[in-house]
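Undergrad: Could you have a look at this structure, given as structure tokens, before my questions?
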Amino acid sequence: MMWDKREDMVVHGQEPFNAEPPPQALAGDPITPVDTFYSRNHGPIPEIDAGSWRLTVDGLVDTPLTLDLSDLRSRFAEHTLPATLQCAGTRRTGLIAVRDIPGETPWREAAVSTATWTGVRLADVLAAAGVSNDPDDDAAVKNAVRHVAFLAPDVAPGPGQQFGGSVPLGKALGPEVLLAWAMNGEPLTAVHGAPLRVVVPGWIGARSVKWVERITVQTEPSENWFQANAYRMLPADAGPSAVEAGEGFSLGELALTSAILEPVDGATVPAGPVTVTGYALAGGGRGVARVDVSADGGATWTQADLGEDRGPWCWRQWTTTTTVDGDGGRAGTLELVARAWDTSAALQPEDPAGLWNPKGYMNNAWPRARVQVAAAVQAGDAQGRIA
Ligand SMILES: Nc1nc2c(c(=O)[nH]1)N[C@H]1C(S)=C(S)[C@@H](COP(=O)(O)O)O[C@H]1N2
Ligand SMILES: [Mo]
């Protein structure tokens with residue numbers, strides 16, 4: 001497997017490299033091993049010489065900076081933080097089932113993963129450049145006047161542009177936003193952005209710019225193709241092919257979502273108790289408050305047990321055991337459904353139909369998995385086998 005990923009990755013494309021793990025691989029431990037972590041790329045992966053690499057900080061700053069890796073390590077405090085990254089296209093297959101979305105990667109439920117990231121706070125680097133973080137300015141004021149844009153060297157073939165994007169200054173100054181050089185305690189690999197990437201927890205993965213080499217403070221959001229034209233929520237009747245810059249609205253904070261990881265859609269399970277597992281992720285630093293699971297298509301629900309809480313920037317794994325009897329002991333089909341609430345009491349939308357959009361972003365409808373229940377073992381079956 002290319003780029004040091006596990007053999008059973010679901011590879012959507014080699015060039016650019018786009019891959020997600022099989023859903024079951026995300027169940028259990030909230031921290032995703034690096035070889036299992038999804039990867040989303042728009043162009044060729046640059047292999048950057050860390051020694052000659054430099055980071056430029058410019059724009060509306062008092063003191064423009066040029067920093068190498070040892071400057072970053074020596075001048076700023078190191079921070080480590082667990083955070084989930086989620087691609088805005090995750091679970092696009094659920095929207096494609098509503099209506100086809102040509103030309104976009106058919107991501108399933110696993111274009112989302114969690115790592116502990118180590119690096120320095122973007123806020124500290126911006127402070128060194130003289131960007132004020134006046135506590136008397138509230139976030140709204142900071143966001144209204146300034147944005148922090150990131151630029152990387154990889155050029156995507158379609159738009160023929162380097163990858164970039166911005167976040168409002170209020171977000172950029174959050175203590176959770178890192179310039180990271182390590183992932184799960186290991187140096188970043190090329191595919192995940194070595195030598196340095198931005199990590200913007202709680203926002204769409206596209207803002208966590210890999211291989212970052214320039215950070216610019218400016219009055220307007222980034223005009224980079226990947227922000228002005230892509231990663232936008234378009235009205236359902238907009239033409240997907242010729243998107244004008246600025247059409248629709250820019251995606252930013254993630255929306256509350258969840259997925260079923262096990263059993264997978266289409267699996268066969270033996271009659272009796274079945275363990276259902278998944279993840280739930282609340283965007284923007286909110287927490288996951290509750291997850292319900294139904295084994296009868298949503299007629300009745302049980303509350304799942306939430307896994308370890310790794311803080312507001314991380315997903316929560318969940319699990320529950322439900323008894324399936326496969327239609328009174330005979331083999332049958334049933335539908336598992338999950339639904340999550342966040343700490344603002346928002347509930348995921350039930351139906352993906354109303355969420356459909358031409359680029360297929362942000363499907364956060366209730367996840368469903370249809371499973372076959374094998375007939376219960378009959379008393380007197382000497383083999384004791386499940387049909
Ligand atoms: N330079 C650069 N940064 C990038 C991208 C890219 O193509 N180029 N893809 C973005 C998108 S859309 C996502 S979802 C995340 C994926 O990060 P990963 O490959 O480490 O999982 O990186 C983001 N950062
Ligand atoms: Mo993404």
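Undergrad: Need a quick list: strands (runs of 3 or more DSSP E) entirely within segment 19-125 having at least 1 residues that are at pLDDT below 95. First the steps, then the outcome.
TA: Numbers: elements: 55-59, 65-67, 78-86, 112-121.
Output list is empty.
Undergrad: Additional query: Among the residues of segment 247-260, count how many are touching a Gly at 6+ places or on another chain (Cβ under 7 Å) and surrounded by fewer than 18 Cβ atoms within 10 Å (Cβ to Cβ). Step through it out loud before you land on a result.
TA: To start, the set of residues in segment 247-260 that are touching a Gly at 6+ places or on another chain (Cβ under 7 Å) comprises 253-256, 258-260.
Keeping just the survivors that are surrounded by fewer than 18 Cβ atoms within 10 Å (Cβ to Cβ) gives 253.
Result for segment 247-260: 1.
Undergrad: Please work out which one of (1) away from ligand 2 (no atom under 16 Å from the Cβ); (2) open to solvent by 20 Å² or more (accessible area, probe 1.4 Å) is the condition Lys5 fails and give its number.
TA: (2)
Undergrad: Just checking, how many residues over segment 80-96 are within 11 Å of ligand 1 (Cβ to nearest atom) and under 14 Å from Gly285 (Cβ atoms)? Break it down into steps so the answer makes sense when it comes.
TA: Of all residues in segment 80-96, those within 11 Å of ligand 1 (Cβ to nearest atom) come to 84-90.
Cutting the leftovers down to under 14 Å from Gly285 (Cβ atoms) gives us 84, 86.
Residues in segment 80-96 being within 11 Å of ligand 1 (Cβ to nearest atom) and under 14 Å from Gly285 (Cβ atoms): 2 in total.
Undergrad: How many residues are modelled with pLDDT under 95 and either in a strand (DSSP E or B) or under 26 Å from Thr84 (Cα atoms) (or both) when one looks only at segment 314-329?
TA: Result for segment 314-329: 3.
Undergrad: Where the second residue is open to solvent by 20 Å² or more (accessible area, probe 1.4 Å) and the first is of a type in the set (S, T, N, Q) and lies in segment 6-23, which pairs have Cβ atoms under 6 Å and are six or more apart or on separate chains?
TA: Asn18/His12; Asn18/Arg40; Asn18/Thr105
Undergrad: Could I ask something else about it? Would you pick out the residues in segment 261-297 that are among the hydrophobic types (A, V, I, L, M, F, W, C), closer than 15 Å to Arg368 by Cα and open to solvent by 10 Å² or more (accessible area, probe 1.4 Å)? Reasoning before the result, please.
TA: Let us first name the residues in segment 261-297 that are among the hydrophobic types (A, V, I, L, M, F, W, C), namely 261, 264, 267, 269, 271, 274, 276, 280-282, 288-289, 291, 293, 295.
The next check asks that each one be closer than 15 Å to Arg368 by Cα; those that pass are 261, 264, 267, 276, 280, 291, 293, 295.
Matches in segment 261-297: Val264, Ala267, Ala295.
Undergrad: Tell me which strands (runs of 3 or more DSSP E) are completely within segment 165-252 and hold 3 or more residues being within 16 Å of ligand 2 (Cβ to nearest atom), outside the structural domain of Asn364 (by TED's automatic domain parsing) and over 30 Å from Arg99 (Cα atoms), or say none if there are none. Reasoning before the result, please.
TA: Working: elements: 178-183, 197-199, 214-218.
By residue number, 197-199.
Undergrad: Here is a follow-up. Taking the condition of being open to solvent by less than 10 Å² (accessible area, probe 1.4 Å) and either within 13 Å of ligand 1 (Cβ to nearest atom) or free of Cβ contacts under 8 Å to residues at least 24 places away in the same chain (or both), how many residues in segment 31-58 meet it?
TA: Matching residues across segment 31-58 total 6.
Undergrad: Consider Arg197 against the criteria (1) open to solvent by 20 Å² or more (accessible area, probe 1.4 Å); (2) closer than 23 Å to Gly284 by Cα; (3) of a type in the set (Lys, Arg): it satisfies all of them except one. Which criterion is unmet?
TA: (1)
Undergrad: When you go through (1) under 20 Å from Ala172 (Cα atoms); (2) open to solvent by less than 10 Å² (accessible area, probe 1.4 Å) one by one for Pro82, which number turns out not to apply?
TA: (2)
Undergrad: Considering Trp181, Trp203, which residue is open to solvent by 10 Å² or more (accessible area, probe 1.4 Å) and more than 11 Å from ligand 1 (Cβ to nearest atom)? Before the answer, list the steps.
TA: Details: Trp203 fails: more than 11 Å from ligand 1 (Cβ to nearest atom).
Answer to the check: Trp181.
The values are calculated or read from the model by the stated rules, or taken from the named source; none is laboratory data. These numbers were taken from a predicted model, which means no experiment stands behind them. Using ideal geometry, Cβ is built from the backbone for each residue, glycine included, and neighbour counts are taken over all protein chains shown. Ligands, DNA and RNA are excluded from the accessible area calculation, which covers all protein heavy atoms including side chains. Shrake-Rupley method; radii C 1.70, N 1.55, O 1.52, S 1.80 Å.
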